[in-house]
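Working notes for the structure below.
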Amino acid sequence: MKVIERNIALEQEFHTYYYHSLDWRNEIKYFDIPILQNPLDLWALQNILFKTKPEIIIEVGRAWGGLTIWLADALRVLIQKDLNLKWFTVVPQIVSIDNKSNTYVPKDWVFTSDNLITYLDDNSLNDDIIESVRSFCTGVERIMVILDSNHKKEHVLQELAAYSQFVTFGNYLVVCDTNASTVIEDFGAGPKEAMDEFLVSNQNFKLDLSRDKFCGLTFNSYLVKT
Ligand SMILES: C[S@@+](CC[C@H](N)C(=O)[O-])C[C@H]1O[C@@H](n2cnc3c(N)ncnc32)[C@H](O)[C@@H]1O
């Protein structure tokens, strides 16, 4: 097989095209629920979930809840495949945070009673929210964090400071939409710039570049706690 060198310029062109070419805020749904992730990013996440089998996933920024339900469904598949009960000794949980309660509840769905999800509706930087998250995380071995709320650099830096502490050894801290400053004109500094700054003083996190092979919009931003 011919190995082609990575073409970052082409990937960025694709990201820009993707961002501007469709109304992804309304058109991309997981079943009936709007999801703001690019489907290519979901494939990278699926690989990470299988590798790490997180017992807690903290999702910061939920919007309509498409990713929340996708994560719950992916965990449910892992639970079903865990025939010898080696992967999970507790029921895994998603703790999903948003400061606006836009969570979309499709009609006729068994949705709000989903026992894998806890919804926290407040500012992610509120001390009470961070303490609630801590109470979920105490004593748990495998914890993953996905930061996908306000994408301005200063906010992402504050969330990195508040939430990176919960990620456990060998697990992932995912900073979403790291290409915002490249793709969106006049966006200014965003998740990528925050993550670059965070990595300088947090050498216990390493970038896992192998997750970038799907050309997703979450790019150069899968951090592993080492
Ligand atoms: C990019 S969307 C989340 C998309 C979702 N993770 C998905 O993949 O479908 C960002 C969300 O973060 C929320 N948000 C923004 N600032 C926040 C903050 N300080 N605390 C909590 N949520 C916040 C917004 O209300 C919005 O719903």
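Readers should treat all values here as calculations from the given coordinates under stated rules, not as data from a laboratory. All values reported here derive from a predicted model rather than from experimental measurement. So basically every Cβ, Gly included, is an ideal-geometry build from the backbone, and we count neighbours across all protein chains shown.
Taken as Cα centroids, region 167-226 and region 66-93 sit 25 Å apart, rounded to the nearest whole angstrom. Sorted into 5 angstrom bins from 0, the C-alpha pair distances of the chain split as 1, 6, 14, 19, 21, 18, 12, 6, 2, 1, 0 percent.
Per-residue ellipticity at 222 nm from helix content only, as computed over the chain with -39500 (n - 2.57) for each DSSP H run of at least four residues, stands at -11500 deg cm²/dmol. FRET efficiency for the pair residue 100 and residue 6, taken as 1/(1 + (r/R0)^6) with r the Cβ-Cβ distance and R0 = 41 Å, rounds to 0.65. Here each label is just a point 7 Å from Cα along the line to Cβ, and for residue 78 and residue 28 those points are 2.1 nm apart.
Listed cross-link partners 2/152; 2/29; 53/213; 153/213; 86/225 are compared with a 30 Å cut-off, the Cα-Cα value being larger for 2/152; 2/29.
Were the residues from residue 128 through residue 13 laid out at 0.36 nm apart, the gain over their Cα-Cα distance would be 37.3 nm.
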